[in-house]
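Right, one structure below, let's go through it.
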Amino acid sequence: KLRMSWDISLFHAINGLAGHNRLADTVFAFLAVQAPYIYGVLFILIWFGSPRRDERLRGAAVLAVAAGVLALLISVGIGHIWYRPRPFVAFPGQVHQLIPHAADSSFPSDHAAGSFAFTAGIWAGSRVWGVIFLVIATAVAFSRVYVGVHYPTDVIAGALLGLGSAWVMRRVERYLEPILNLGLKIFRYGRYSR
């Protein structure tokens with residue numbers, strides 16, 4: 001318990017910022033809820049907006065999505081095995097909860113897991129896109145604490161899980177080539193090979 005006191009203190013420090021600035025509350029609540037749609041738009045932009053022959057970036061996008069799916073599956077599995085009460089459950093009346101949320105397990109953060117898996121996956125294809133994803137992933141992770149639905153260790157664990165999932169997918173990248181080549185063929189972008 002003592003070892004985790006910093007986690008709870010940091011949670012209250014970050015969450016304590018909520019409720020004082022309407023613009024900040026709106027921005028972080030939007031990020032906390034709408035992150036999956038933001039990433040969906042970014043992947044569409046990457047796939048259809050990249051130069052026609054940029055198979056490397058499109059390959060990284062496929063890898064990123066696969067890593068995100070893996071990270072989310074593992075995260076959900078952990079949440080079903082080990083229940084950690086969310087802050088608004090553990091500290092009723094002491095949390096600025098800006099968004100509605102089920103009282104399911106807080107650990108780890110699915111949003112952070114997916115966000116950092118996407119980031120690590122796309123980084124291999126483009127440093128520019130990698131930085132954009134990293135900024136968004138960091139903001140999403142922060143927002144989940146800010147709005148009162150996660151502890152800092154939830155998002156840290158989620159981020160590490162996402163990075164690990166991207167590493168695993170990089171090791172099995174060759175098995176994703178048929179999927180990517182099918183997508184490239186459908187849109188007539190050429191052929192992908194590592």
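I'd like the carbon and sulfur percentage of the solvent accessible area for the chain, probe radius 1.4 Å, heavy atoms only, ligands and nucleic acids excluded. Intermediate results must be reported in sequence, preceding the final value.
Numbers: 7100 of 10290 Å².
The nonpolar share, carbon plus sulfur, comes to 69 percent.
With an 8 Å Cα cut-off and a minimum separation of 6 or more residues, compute the relative contact order for the chain in percent.
Details: 298 pairs, mean separation 58.2, N = 194.
Result for the chain is 30 percent.
What is the gain in length, in nm to one decimal, between VAL76 and VAL27 on full extension, counting 0.36 nm per residue of separation less the C-alpha to C-alpha distance?
Working: separation 49, 0.36 × 49 = 17.64 nm, distance 2.60 nm.
Using 0.36 nm per residue and subtracting the Cα-Cα distance, I get 15.0 nm.
Here are some values of Rg/Rh (Cα atoms, Kirkwood Rh): (1) 0.99; (2) 0.96; (3) 1.04. Which one was computed from this structure?
So the structure-derived entry is (3).
Could you tell me which residue out of PHE48, GLY148, PHE91 lies farthest along the dipole of the chain toward its positive end? Charges go on the beta carbon: Lys and Arg +1, Asp and Glu -1, centred on the Cα centre.
Final value for the positive-end residue is PHE48.
Ignoring everything but the protein chains, give the 1.4 Å probe accessible area of HIS20 in square angstrom, nearest 10.
140
So what is the accessible area of the chain per residue, in Å², with the probe set to 1.4 Å? Don't jump to the answer; show the numbers that get you there.
On the way: 10290 Å² over 194 residues.
Heavy-atom accessible area per residue stands at 53 Å².
Tell me, what ³J(HN,Hα) does each residue in segment 21-38 have, in order and in whole Hz, if you take phi through Karplus 6.51 cos²θ - 1.76 cosθ + 1.60 with θ = phi - 60° and put x for Gly and Pro?
3J(HN,Hα) across segment 21-38, in whole Hz: 9, 4, 5, 4, 4, 5, 5, 6, 5, 4, 4, 5, 9, 9, 3, x, 6, 4.
How much FRET efficiency would the formula 1/(1 + (r/R0)^6) give for THR138 and TYR175, where r is the Cβ-Cβ distance and R0 is 25 Å, rounded to 0.05?
Values: r = 30 Å, r/R0 = 1.21.
The computed FRET efficiency comes out at 0.25.
Need the full-extension length gain, VAL168 to LEU182, defined as separation in residues times 0.36 nm minus the C-alpha distance. One decimal, nm.
Values: separation 14, 0.36 × 14 = 5.04 nm, distance 2.21 nm.
Length difference between fully extended and current span is 2.8 nm.
The values are calculated or read from the model by the stated rules, or taken from the named source; none is laboratory data. The structure displayed is predicted, hence computed values, not measured ones. Backbone-built Cβ (ideal geometry, glycine too); neighbour counts: all protein chains shown. We work out accessible area using only protein heavy atoms, side chains counted, and drop any ligands, DNA or RNA first. Shrake-Rupley method; radii C 1.70, N 1.55, O 1.52, S 1.80 Å.
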